[in-house]
1. What are the residues in segment 272-303 that are over 17 Å from residue 185 (Cα atoms) and either among the aliphatic types (A, V, I, L, M) or in a strand (DSSP E or B) (or both), if any?
2. Any residue at all in segment 14-22 that's surrounded by 19 or more Cβ atoms within 10 Å (Cβ to Cβ), within 17 Å of the chain's Cα centre (by Cα) and under 11 Å from residue 176 (Cβ atoms)?
3. Go over the candidates 146, 112 one by one and state the one that is at pLDDT below 95 and more than 30 Å from residue 277 (Cβ to Cβ).
4. Quick one: how many residues across segment 227-271 are in contact with a Cys (Cβ under 7 Å, 6 or more places away or on another chain) and either part of a helix (DSSP H, G or I) or modelled with pLDDT under 95 (or both)?
5. May I ask you to verify whether residue 24 is touching a helix residue (DSSP H, G or I) at 6+ places or on another chain (Cβ under 7 Å) and either at negative phi or in a loop (DSSP other than H, G, I, E, B) (or both)?
6. Working only within segment 76-98, note down all residues that are surrounded by 24 or more Cβ atoms within 10 Å (Cβ to Cβ) and either among the acidic types (Asp, Glu) or within 15 Å of residue 139 (Cα to Cα) (or both).
7. Could you list, ordered by first residue, the pairs with Cβ atoms under 6 Å in which the first is in segment 272-286 and closer than 12 Å to residue 223 by Cβ and the second is surrounded by 24 or more Cβ atoms within 10 Å (Cβ to Cβ) and among the β-branched types (Val, Ile, Thr), at least 6 apart or interchain?
8. For segment 49-60, name all the residues that are acidic (Asp, Glu) and closer than 16 Å to residue 293 by Cα.
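The values are calculated or read from the model by the stated rules, or taken from the named source; none is laboratory data. Keep in mind it's a predicted model, so treat the numbers as computed, not measured. Here Cβ is always computed from backbone atoms with ideal geometry, including for glycine, and neighbour counts include all displayed protein chains.
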Amino acid sequence: MEPAMIVHGGAWGIPDDAVDAHLRGVSSGAEAGHGLLRRGQSALDAVEAAVAVMEDDPTFDAGRGAFLNKIGQVELDAMIMDGNGLRAGAVAAVRNIRNPVRLARAVMERSRLVLIAGPGANLFARAVGVPACRTQDLLVGRELARWRAIRKKKRFRVREIFDTIQAGQRRGTVGAVAIDRRGDLAAATSTGGVPHKPPGRVGDSPIVGAGAYADNETGAVSATGWGEPILRVLLSKTACDLMGDGLSPGTACRRALSVMRRRVDGIGGLVAMDRRGRPGFSFNTPRMAWACVGPGGKRRKGI
């Protein structure tokens, strides 16, 4: 199988002044993951590496640069899934972890669990040797300023961050999907959630079938966007099932987003790959940052 990879850096109203940073960020993630695939490493290794690169990039709402919750904390969610055997690992509302996608993989490979949340996730991280970091290591100035500004508002609508373009803003869940030389698929997603969220709020990103899904028999998908509607329709699993029915990855993504919009008025985006290694994507927000290294090493990116 020819290895291939596609990543996203969030589906929302990305302003013009943030386009270049988003394109650089997703390109770096895709290159990091595909470099491992070229050297014969697994799809799991590739999606973990790609997402970790984007978690380290303060352009995105994942890892460093993530949103603050209502009480000024950074709580992170992530998951990873192996299409060979449907193994998955996830963490939710975890604090002081620089790369939650790496902790999610540890949950998958070093425990019998699928999802660990809150303080329990931090205890697990300590037990398996995943280092903690300081809140300051995750915090960037723009998010502290955003948190202070939102606190002064009488009313804040979460949806407006996804369907309107606002200059000077940076945000976006990150995710990756890959297929390796053995034909194994994998997917991973990581996020800081939404701004000013209640402590303990968990969106779609760490939930199997919602934030991501991978199955060698159908395909692999990573989702981004407004988490609660994505959860209600299990958006990633919906797209995988459509690929299993024979739809191309791009068509499956469009159809799944159409279902979400019609049933629960949801907005977001998807990147996908089918079991033949064909990549695809779609979004119903103003923009979505994405990059792909397809069969033959062909590189594409867009927003």
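1. Step one: list which residues in segment 272-303 are over 17 Å from residue 185 (Cα atoms), which gives 282-291, 296-303.
Within segment 272-303, 282, 283, 287, 288, 289, 290, 291, 299, 300, 301, 302, 303 qualify.
2. Let us first name the residues in segment 14-22 that are surrounded by 19 or more Cβ atoms within 10 Å (Cβ to Cβ), namely 14, 18, 22.
Filter once more, keeping what is within 17 Å of the chain's Cα centre (by Cα): 14, 22.
Those still in the list that are under 11 Å from residue 176 (Cβ atoms) too: none.
Within segment 14-22 (the criterion being surrounded by 19 or more Cβ atoms within 10 Å (Cβ to Cβ), within 17 Å of the chain's Cα centre (by Cα) and under 11 Å from residue 176 (Cβ atoms)), the answer is no, since none of the residues qualifies.
3. Numbers: 112 fails: at pLDDT below 95.
One residue alone meets the criteria, 146.
4. Kept after step one, since they are in contact with a Cys (Cβ under 7 Å, 6 or more places away or on another chain), are these residues of segment 227-271: 239, 270.
Still in the list and also either part of a helix (DSSP H, G or I) or modelled with pLDDT under 95 (or both): 239.
Number of matching residues: 1.
5. On the way: touching a helix residue (DSSP H, G or I) at 6+ places or on another chain (Cβ under 7 Å): no; either at negative phi or in a loop (DSSP other than H, G, I, E, B) (or both): yes.
Answer is no for this residue.
6. 76, 77, 82, 94, 97
7. 272/221; 281/271
8. Initially, segment 49-60 is screened for residues acidic (Asp, Glu), giving 55-57.
The answer is none; no residue qualifies.
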